[in-house]
Amino acid sequence: MGAVVASNLGGRAAGLPSADGWQAFTAWAEAEGLIEALGLERARRVAAETSQSLSGALTQLGLVSELGLAEGLARFLRLSVATAGSYPAAPVLPDRLHARFLRRARVVPLSADTHGLTVATADPLDPFLVQSLSLATGRAVALQVAVPIELEAALDRLYPEGMSTEAAEAGLPEAELSGDDTERLKDLASEAPVIRLVNQLLSRAVETRASDIHIEPFEDQLRIRYRYDGVLHEVEQAAARLAPAVISRIKIMARLDIAERRLPQYGRIKLAVRGQEVDFRVSTLPSLHGETVVLRVLDRNAVEFDYASLGLPADVTTRLEALLELPNGMVLVTGPTGSGKTTTLYTGLRQLNSVTRNIVTVEDPIEYQLAGINQIQVKPQIGLTFANLLRSILRQDPDVIMIGEIRDGETAQIAVQASLTGHLMLSTLHTNTAAAAVTRLRDMGLEDYLISAVLRGVLAQRLVRRLCERCRTHEPMPAELIRRFGVDMRPAAEHGGALRLYRAVGCSHCRNTGYRGREAITELLVPDEAIRQLIIARTDHQRIERAAVAAGMRTMWQAGLDAALAGRTTIEEVMRGIQAED
């Protein structure tokens, strides 16, 4: 049996007591720079004071993420990390391995044959785990390191013990979870299993860097989806009878009215997840089988307010920074919902933020709090509209004003007047291209001479998924595509190479999607004298765009093609992103 243990632990920490195994791992992790010495000592004190595991203290204090800890253990033991897709659709060897034992040991069997058993465990340093599993099944045991949140979700799905684990542990009959009584919903939402389930959903979203959580009740299930890099992925299904309790719990956390299930509601949750403060923006909407809930994850630690991290090329960054240093005028960022417009503006505001400038923003909603900047939340129900707030702000002696979005002609008129009277105005518009911003402003009732006078620049952008650098692959670009896209072959020929296109493959690092993260593809229109004359002459946005290209503007399509040829994304992603609203 010792040979089995040694082979599965890669020769490291084999046969050691669990405490010694963790001591060996933390010493290695400190040497590798995964955990700082002071943080490690702090985690040891917290673990001793609270009688919890060292791994639990490390993640609770935010010193390392659950995914980071799992990856560190896997490297230390020369094992692989179990992905969310690794868990089976049905229990493995249920007649040999019972749910109570698996929950206590925090292990999930992944697959088995006549000779071997592969399991995912949150504690691969447990010296008795392999022996226990081998004795119980009569098979050689191979370990994979599990991310605790994913392991717990798999346990809840695979081993419900005749009904949902949450309901069983709470001692609740099935019918009680579907009641309409408000007081009963409050009671159910306050039960420990429901609280644990909701906290698990929120923590898992933060750990895996999801941007949104979708909770959708249907007749036969409660579907839970996370949005990664702009694309929704189903991560879990729960019993339909859990929907009222889960949704009521979220509404209580967001301070919404749980008795009101006929009208949409909006709220906010502030929660400490793994030692980090995270905001969740909550929206509820009545549907056929109950209320659907969408939570936007606002994790400041996961957002980088840096142009390079956003993917803006150096030449666009330089020109945009120059526009933001102007004393007055209007700078716009355009694109569809979810294209990163607000993040780009926040990055610009951080650049401008200093004690010598009075910066005020009007937003709906305020997504991230920026130190040193006065941010105001729009509240139309009490008359705090964009237009009314903008009038009041002008009496506050501002230098820079950011409006979350110019939505109507009244706001546009006030913004233009502010730009003309010595203020730098930043805002967003929903348009497909940079040149189309001119048409949009006209449609809001602005005169062409005013647009020409105040418009300093328009940045149009889309977000495309970045290829995972660990698993991407490439192939020569077909001659047909070279001709179709009009690709310039000279740079490749000068370096003696051929053009290559990259494609997604998928691995554990990218959740088997082939992509990890997103970047912006952009076009920046800076009106020169010729373009200003075209605006005054009321020419359409196509002619304005052609004039901008002639003056040196690179279109979003060209920027996206450059990113695809550089291996940062795929040509399919570029076409999907740019054609999304065309």
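The values are calculated or read from the model by the stated rules, or taken from the named source; none is laboratory data. No experiment lies behind these values; they were computed from the predicted model shown. Virtual Cβ from ideal backbone geometry, glycine too; neighbours counted across all protein chains shown. Note: areas computed on protein heavy atoms with side chains; ligands, DNA, RNA excluded. Shrake-Rupley method; radii C 1.70, N 1.55, O 1.52, S 1.80 Å.
All of (1) surrounded by fewer than 16 Cβ atoms within 10 Å (Cβ to Cβ); (2) of a type in the set (Val, Ile, Thr); (3) in contact with a helix residue (DSSP H, G or I) (Cβ under 7 Å, 6 or more places away or on another chain) hold for Val119 with one exception: (1).
Contact map, segment 563-579: first residue in contact (Cβ under 8 Å) with a residue 24 or more places away in the chain and in a helix (DSSP H, G or I), second residue charged (D, E, K, R) and open to solvent by less than 10 Å² (accessible area, probe 1.4 Å), Cβ cut-off under 8 Å, separation 6 or more or different chains; pairs are Ala563/Glu519; Ala564/Glu573; Gly577/Arg462; Ile578/Arg462. With respect to (1) surrounded by fewer than 18 Cβ atoms within 10 Å (Cβ to Cβ); (2) of a type in the set (Gly, Ala, Ser); (3) at pLDDT 95 or above, the lone exception for Ala547 is condition (1).
Return the residues of segment 97-116 that are in a loop (DSSP other than H, G, I, E, B) and either out of contact with any strand residue (DSSP E or B) (no Cβ under 9 Å at 6 or more places or on another chain) or surrounded by 17 or more Cβ atoms within 10 Å (Cβ to Cβ) (or both); say none if nothing qualifies.
Taking segment 97-116 as the starting set, the residues that turn out to be in a loop (DSSP other than H, G, I, E, B) are 97-98, 106, 113-115.
Passing the criteria: Leu97, His98, Arg106, Asp113, Thr114.
With respect to the conditions (1) open to solvent by less than 30 Å² (accessible area, probe 1.4 Å); (2) part of a loop (DSSP other than H, G, I, E, B), Ser452 falls short on a single one, namely (2). In segment 122-143, of all residues being in a loop (DSSP other than H, G, I, E, B) and touching a strand residue (DSSP E or B) at 6+ places or on another chain (Cβ under 6 Å), the one that is most open to solvent (accessible area, probe 1.4 Å) corresponds to Arg139.
Residue under question is Arg281, and the condition is that it be in contact with a Pro (Cβ under 7 Å, 6 or more places away or on another chain), under 26 Å from Arg576 (Cβ atoms) and either open to solvent by 70 Å² or more (accessible area, probe 1.4 Å) or touching a residue at least 12 places away in the same chain (Cβ under 8 Å) (or both); does it hold?
Values: in contact with a Pro (Cβ under 7 Å, 6 or more places away or on another chain): yes; under 26 Å from Arg576 (Cβ atoms): yes; either open to solvent by 70 Å² or more (accessible area, probe 1.4 Å) or touching a residue at least 12 places away in the same chain (Cβ under 8 Å) (or both): yes.
Yes, satisfied.
Entry remark, segment 540-577: residues being farther than 18 Å from Tyr502 by Cα and either of a type in the set (Gly, Ala, Ser) or under 21 Å from the mean Cα position of the chain (by Cα) (or both) number 5 in total.
Looking at His289, His233 in this structure, which one is open to solvent by 20 Å² or more (accessible area, probe 1.4 Å) and under 22 Å from Leu67 (Cβ atoms)?
Details: His289 fails: under 22 Å from Leu67 (Cβ atoms).
Exactly one residue qualifies, and that residue is His233.
Here the condition is being modelled with pLDDT of 95 or more and either in a helix (DSSP H, G or I) or at negative phi (or both); of Val355, Val438, it holds for Val438 alone.
Exactly one residue out of Arg300, Arg227, Arg296, Arg223 is open to solvent by 40 Å² or more (accessible area, probe 1.4 Å), within 30 Å of Glu523 (Cα to Cα) and touching a His at 6+ places or on another chain (Cβ under 9 Å), and it is Arg227. Just to be sure, is Val297 closer than 29 Å to Glu410 by Cβ, within 24 Å of the chain's Cα centre (by Cα) and assigned to a strand (DSSP E or B)? The answer is no for Val297. Restricting segment 45-63 to residues that are hydroxyl-bearing (Ser, Thr, Tyr) and outside any loop (DSSP other than H, G, I, E, B) leaves a set whose member that is surrounded by the fewest Cβ atoms within 10 Å (Cβ to Cβ) is Thr50. Of all residue pairs spaced 6 or more apart or on separate chains, those with beta-carbon atoms under 7 Å, a first member in segment 16-44 that is over 19 Å from Leu61 (Cβ atoms) and in a helix (DSSP H, G or I) and a second member that is open to solvent by 40 Å² or more (accessible area, probe 1.4 Å) and at pLDDT 80 or above are Ser18/Asp126.
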